[in-house]
Amino acid sequence: MDGEKCLNCRKTKERSAEEYRRLMHRLNRIEGQVRGLKGMLEKNAYCTDILVQVAAVNAALNSFNKELLARHIKTCVAQDIRAGKDETIDDLVSTLQKLMK
């Protein structure tokens, strides 16, 4: 977002250039995988071939989530707990429940 405000976000977080680069790299790869899926469908690829690629996209998204969640816990959550903001724990639990649906 490079300085843009997130209109749909309750809060914002400043990320290091390295963290931003790593996350964007992952998302760009996922975006390419999704474009590849569209191409496979357009070329009438066999169903199981498409399903295998969908599984790869899901795995890539899960990997992105794991990295982002780990950074969130190590930075935002830890900082808020140290500052006595116990509501952050409830927010984390709620987020984890949404991720595990």
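For segment 15-40, filtering for residues that are over 30 Å from residue 74 (Cβ atoms) and exposed (fewer than 12 other Cβ atoms within 10 Å of the Cβ) leaves 3. The single residue among 92, 99 that is under 29 Å from residue 11 (Cβ atoms) and touching a residue at least 24 places away in the same chain (Cβ under 8 Å) turns out to be 99.
For the residues 26, 35, the requirement of being within 21 Å of the chain's Cα centre (by Cα) and farther than 23 Å from residue 99 by Cβ singles out 35.
Only the coordinates and a few stated rules stand behind these numbers; no lab work does. Predicted model only: the values in this text are computed from it and were never measured. Ideal geometry is used to build each Cβ from the backbone, glycine not excepted, and the neighbour counts take in all protein chains shown.
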